[in-house]
Amino acid sequence: MKKTLKLISFWFLIPILAFAVTAFSLTLVVRYPNPVAAYQLAQSVPSEQPDLMPTHVIPASVLPHQWQTATQSELLPETFEFEGESYVVEDLLRATATKALLIIRDGVITYEEYSEDFSQNELINTMSIGKTMVGMAIGNLIADGLIREQEPVTTYLPQYEFVEGLDQVTIKHLLDMQSCIGIDEDYPSGPAGWGYPVAQMFATTDMDFVLTNNLKVVCEPGSEEYEYRSVNTQLLGMVVTQVSGMSLSNYFGSSVWERVGAANDASWAVDREGGWEKSFCCFNVTARDLALVGGVFLNEGRAAFGPQAGARVISEDWHARMTTPAKVWFGGFGSERFGANMWHRPNGSYLTQGYRGQFMLMNPKTNTIIVKLSDDVENNYYDQVLTLLDLISAQQ
């Protein structure tokens, strides 16, 4: 009987072992993490992701800002209207899995709330908010004369000269989402859709491999065929590394993070230890420190708060570039205009945003910054959230 059970167990284990070997072999071939890590990443939400990928650490400032908090928290509106329908604010915040909501008016925190399983000093993957951080880094290199917007990206990344038409794609095209690079923004859910190139960029352990096998130019760069493409910012982040001689994390850390007075270390996910930052996404940060970057755009490109208030973070010219929309309109993304890795709301506010519910709205008219960070897997209330943030930011 024992021999029979052992034999059955042996034959039962064979297909499991075969599957495991095949899965590990496949992840090696396509440059993914091991199957267990890849599955965890596929099922994860933004608040879990800082611990699931290798990262480069961006050290806190040596002169950190200590926020002042209002003696009494402001009250959120109970309800608001969107397209003729009334929404309960608390229900919306719950439905969008809000992890952090922070409101800052005239440099004072007037509202701050975190979910029960999240806290003030925890990092979250802010997804495409990282694109705005890359835009700031590029601007500093332009101000130093090391990059020119009208130069082709292949001037700085000659390893991709083999891609037909890429020599017609300029730094400006990348910044304004006018490159015509054909890596679509298809966001699959779970492991089943991870064959999509943008998902490969997110999960890969070898960014060069993904780009080498997927880069293509599908229309005339700078034409009216505007398409939001994460690959544009991935290339820009790599340009920062090539031109500065530093990792994107180190360059951003010294030129921006240190100067705004960040109180906590941030981090940026990389494809592998010492490799390329996943610069189109995966900037991990606390809500309070992210708001320090928002202050730069309300203060003419200078640090707005703390011991280093007034220090130049981005040039005056680049501040104007990032706060002036290009002639780019993406109707599928809340109908905001876009330019230099920044979104622009119809009411004149600046917006940086990321997949699954990451938002930072900066309203220069009321000197207000709102940060909403989320684990919003469904992403069903995008326009409603923006309407709410507009409403809150307009209040004096």
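The values are calculated or read from the model by the stated rules, or taken from the named source; none is laboratory data. Only a predicted model underlies this, so the values are computations on that prediction, with no experimental measurement involved. Virtual Cβ from ideal backbone geometry, glycine too; neighbours counted across all protein chains shown.
Hey, among the residues in region 108-130 that are acidic (Asp, Glu) and either part of a loop (DSSP other than H, G, I, E, B) or touching a Pro at 6+ places or on another chain (Cβ under 7 Å) (or both), which one's surrounded by the fewest Cβ atoms within 10 Å (Cβ to Cβ)?
Among those that are acidic (Asp, Glu) and either part of a loop (DSSP other than H, G, I, E, B) or touching a Pro at 6+ places or on another chain (Cβ under 7 Å) (or both), it is Glu116.
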>> Whether any residue in region 71-87 is touching a Lys or Arg at 6+ places or on another chain (Cβ under 7 Å), within 30 Å of Leu391 (Cβ to Cβ) and at pLDDT 85 or above is what I want to check.
In response: no
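Could you run through region 207-238 and say how many residues are in a loop (DSSP other than H, G, I, E, B) and among the aliphatic types (A, V, I, L, M)?
Summing the residues that are in a loop (DSSP other than H, G, I, E, B) and among the aliphatic types (A, V, I, L, M) in region 207-238 gives 2.
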>> Checking Trp318 against (1) in contact with an Asp or Glu (Cβ under 7 Å, 6 or more places away or on another chain); (2) among the aromatic types (Phe, Trp, Tyr); (3) part of a helix (DSSP H, G or I): exactly one of these is not met. Which one?
In response: (1)
> Name the residues in region 364-381 that are among the polar types (S, T, N, Q), modelled with pLDDT of 95 or more and either within 18 Å of Asp186 (Cα to Cα) or surrounded by 24 or more Cβ atoms within 10 Å (Cβ to Cβ) (or both), would you?
Replying inline: Ser374
> In region 335-371, how many are assigned to a strand (DSSP E or B) and either closer than 15 Å to Gln395 by Cβ or in contact with a helix residue (DSSP H, G or I) (Cβ under 7 Å, 6 or more places away or on another chain) (or both)?
Replying inline: 15
>> When the residues of region 152-183 are narrowed to those that are touching a Ser or Thr at 6+ places or on another chain (Cβ under 6 Å) and in a loop (DSSP other than H, G, I, E, B), which ends up farthest from Val313 (Cα to Cα)?
In response: Glu161
>> Restricting to region 174-226, name every residue that is modelled with pLDDT under 90 and out of contact with any helix residue (DSSP H, G or I) (no Cβ under 8 Å at 6 or more places or on another chain).
In response: Ser189, Ala192, Gly195, Tyr196, Ser223, Glu224, Glu225, Tyr226
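Tell me which residues, restricted to region 375-396, are of a type in the set (S, T, N, Q) and closer than 17 Å to Trp343 by Cβ.
Asn379, Gln384, Thr387, Ser393 - these are the residues of region 375-396 that are of a type in the set (S, T, N, Q) and closer than 17 Å to Trp343 by Cβ.
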>> Scan region 240-256 and tell me whether some residue there is in contact with a Lys or Arg (Cβ under 7 Å, 6 or more places away or on another chain), in contact (Cβ under 8 Å) with a residue 60 or more places away in the chain and not hydrophobic (A, V, I, L, M, F, W, C).
In response: no
>> Pairs please, first residue from region 29-55 and within 17 Å of Leu373 (Cβ to Cβ) and touching a residue at least 40 places away in the same chain (Cβ under 8 Å), second anywhere and in a loop (DSSP other than H, G, I, E, B) and of a type in the set (Ser, Thr, Tyr), Cβ atoms under 9 Å, 6+ apart in sequence or on different chains.
In response: Pro46/Thr126; Pro46/Tyr355; Ser47/Ser115
>> Can you find a residue that is under 19 Å from Met53 (Cβ atoms), polar (S, T, N, Q) and buried (at least 21 other Cβ atoms within 10 Å of the Cβ) anywhere in region 175-193?
In response: no
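Got at least one residue in region 310-322 being modelled with pLDDT of 95 or more, surrounded by fewer than 19 Cβ atoms within 10 Å (Cβ to Cβ), at positive phi and out of contact with any Cys (no Cβ under 7 Å at 6 or more places or on another chain)? Give the steps one after another, and end with the answer.
As a first pass, look at region 310-322 and keep what is modelled with pLDDT of 95 or more: 310-322.
With surrounded by fewer than 19 Cβ atoms within 10 Å (Cβ to Cβ) added as a condition, the list becomes 310-312, 315-317, 320.
The next check asks that each one be at positive phi; those that pass are 310.
Retained after the next criterion (residues that are out of contact with any Cys (no Cβ under 7 Å at 6 or more places or on another chain)): 310.
Scanning region 310-322 turns up at least one residue that is modelled with pLDDT of 95 or more, surrounded by fewer than 19 Cβ atoms within 10 Å (Cβ to Cβ), at positive phi and out of contact with any Cys (no Cβ under 7 Å at 6 or more places or on another chain).
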> Does any residue of region 131-141 turn out to be modelled with pLDDT of 95 or more, within 28 Å of Ala394 (Cα to Cα) and in a loop (DSSP other than H, G, I, E, B)?
Replying inline: no
> Regarding Thr241, is this residue outside any helix (DSSP H, G or I), at pLDDT 95 or above and under 19 Å from the mean Cα position of the chain (by Cα)?
Replying inline: no
>> So, in region 259-300, exactly how many residues are more than 19 Å from the chain's Cα centre (by Cα), surrounded by fewer than 24 Cβ atoms within 10 Å (Cβ to Cβ) and modelled with pLDDT of 95 or more?
In response: 5
>> Can you list residue pairs whose Cβ atoms sit under 7 Å apart, with the first residue in region 83-94 being free of Cβ contacts under 8 Å to residues at least 12 places away in the same chain and closer than 24 Å to Ser115 by Cα and the second being assigned to a helix (DSSP H, G or I) and small (Gly, Ala, Ser)? Count only pairs 6 or more apart in sequence or on different chains.
In response: none
> Can you spot a residue in region 269-280 that is hydroxyl-bearing (Ser, Thr, Tyr) and outside any loop (DSSP other than H, G, I, E, B)?
Replying inline: no
